[in-house]
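In what follows, a single structure is set out as structure tokens and then discussed.
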Amino acid sequence: MRIGILGGGQLGQMLMLAAYPLGLETTAYEAKAFSPTALVGNTTIGTTEEPEKLRDWSMHCDVVTYEWENFPAPLVADIAESRPVRPDPVALAKIQDRLFEKRLLADLKIPTSPFRPIDNKDDIETAMSELVLPLIFKTRTGGYDGKGQVVSNEGDDIQAVLELLNTGPLIAEQKLELTKEVSVVGVRALDGTIKTYPVTENEHRNGILHKSTAPASVAPGIEAEAREHVTAILKHLEYIGVMALEMFVVGDRLLANEMAPRVHNSGHWTIEGAEISQFENHIRAVAGLPIGSTELIAPTVMVNLVGAIPDPKSVMKISGAHLHLYGKEPRPGRKVGHITVSAADQTALQQRVEAVESLVNNVLQ
Ligand SMILES: Nc1ncnc2c1ncn2[C@@H]1O[C@H](COP(=O)(O)OP(=O)(O)O)[C@@H](O)[C@H]1O
Ligand SMILES: [Mg+2]
């Protein structure tokens with residue numbers, strides 16, 4: 001079986017690395033000549049402006065999936081005419097648009113921060129008067145790592161919001177006082193089996209994920225609720241593969257933020273910290289194979305390497321540290337790798353995390 005992956009970034013690279021020992025072939029479709037997938041496996045260089053090339057590539061795949069959620073949904077739908085695409089392009093199209101995504105959450109009675117669609121200047125004023133300030137204005141499509149967002153408070157000049165609106169329609173959300181940020185990764189197999197990973201606690205710096213800790217330190221009720229939410233979404237969309245749901249803990253409440261229709265950075269810890277990783281489970285699911293245990297092996301922390309690579313030898317001297325480099329040239333704000341550490345108990349884990357963090361010199365901008 002040959003699995004096609006749309007996108008050639010590190011997520012695609014880790015999917016390829018997970019597929020190989022299962023005896024499954026992979027091929028990526030990626031615009032850039034040098035990409036993380038090209039370093040480890042078959043990669044066709046092609047853009048979204050070359051539908052013929054894309055169609056031709058997909059004809060050599062038994063099933064097509066994606067690692068990049070901004071791949072144009074209509075192109076993915078074209079592929080689905082002749083090849084199984086998992087997860088379904090309908091799910092992709094919904095999740096690509098923050099407004100559809102929030103409405104889907106509302107339909108499933110999953111709480112979110114109050115929001116309003118913003119199509120023009122009047123909508124900005126209405127949202128500012130109807131919601132509790134400050135607000136976060138976000139582009140409906142294309143945003144990632146905190147890009148495409150503007151915060152606006154009472155009395156602020158709305159010029160920055162208007163500039164953002166010039167790029168396309170927006171959504172306005174109430175900016176919440178976050179107690180913590182968490183996420184949950186879930187996977188649904190072709191036969192409808194669903195499994196969820198332990199809830200992960202996430203720390204962001206400058207809008208970019210810095211550190212993920214599993215399991216999250218949250219009340220059992222929150223843990224159960226998070227897993228129920230992602231399960232409900234997977235069922236509703238008849239989704240096949242891995243999905244991540246990012247959430248906010250505000251006091252004792254859990255609010256959904258956004259979904260990712262793919263493997264997720266906050267699930268990288270599962271490579272060493274869970275029985276079967278998110279990457280292997282995604283590959284298994286899209287290949288129509290049985291999915292495996294999502295149980296935690298030991299408490300695990302992942303630290304992202306952003307804009308700079310620490311001395312590999314120093315990382316390797318930390319007992320139990322796993323270095324993952326994606327083969328990308330370091331540039332400010334660019335994710336170039338991650339380090340994972342596990343330990344049997346929290347004290348040992350914290351010592352290892354401190355050792356890792358003392359080596360990490362991320363360059364965020
Ligand atoms: N409604 C909100 N209230 C408070 N913080 C928010 C809100 N929405 C987003 N954020 C902060 O901004 C970060 C990025 O926003 P997010 O919606 O996840 O977009 P992205 O697609 O860039 O990840 C979040 O991880 C969180 O830290
Ligand atoms: Mg996010």
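The values are calculated or read from the model by the stated rules, or taken from the named source; none is laboratory data. Only a predicted model underlies this, so the values are computations on that prediction, with no experimental measurement involved. When we count neighbours, we look across all protein chains shown, and the Cβ atoms used for this are built from the backbone with ideal geometry, even at glycine.
Conditions tested, residue by residue: (1) closer than 26 Å to I339 by Cα; (2) at pLDDT 95 or above; (3) within 15 Å of ligand 1 (Cβ to nearest atom); (4) of a type outside the set (D, E, K, R).
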site	(1), (2), (3), (4)
E238	no, yes, no, no
V242	yes, yes, no, yes
D252	no, yes, no, no
G267	yes, yes, yes, yes
T270	yes, yes, no, yes
E275	yes, yes, no, no
Q278	yes, yes, no, yes
I283	yes, yes, no, yes
L289	no, yes, no, yes
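Residues that are closer than 17 Å to A348 by Cα and either aliphatic (A, V, I, L, M) or over 23 Å from the mean Cα position of the chain (by Cα) (or both) within the range 299-331 comprise V301, M302, V303, V315, M316, K317, I318, S319, G320, A321, listed in sequence order.
Among the residues making up the range 34-50, a single one is in a loop (DSSP other than H, G, I, E, B), closer than 24 Å to L325 by Cβ and of a type in the set (S, T, N, Q): S35.
For the structure I just gave you, tell me whether G337 is outside any strand (DSSP E or B) and closer than 27 Å to G9 by Cβ. It is false that G337 is outside any strand (DSSP E or B) and closer than 27 Å to G9 by Cβ.
The residue that is farthest from ligand 2 (Cβ to nearest atom), counting only those in the range 190-207 that are at pLDDT 95 or above, surrounded by fewer than 21 Cβ atoms within 10 Å (Cβ to Cβ) and in a loop (DSSP other than H, G, I, E, B), is D191. I'm trying to understand the selection: among the residues of the range 255-290, which are within 16 Å of ligand 2 (Cβ to nearest atom) and aliphatic (A, V, I, L, M)? Hits for the range 255-290 are L255, A256, M259, A260, V263. For the residues L11, L15, the requirement of being in contact with a His (Cβ under 7 Å, 6 or more places away or on another chain), touching a residue at least 60 places away in the same chain (Cβ under 8 Å), surrounded by 24 or more Cβ atoms within 10 Å (Cβ to Cβ) and not in a loop (DSSP other than H, G, I, E, B) singles out L15. Got a sec? Which strands (runs of 3 or more DSSP E) wholly within the range 64-155 have at least 3 residues that are within 23 Å of the chain's Cα centre (by Cα)? Correct list: 135-139, 149-152. Scanning the range 83-95 turns up one or more residues that are within 16 Å of ligand 1 (Cβ to nearest atom) and over 25 Å from T37 (Cβ atoms).
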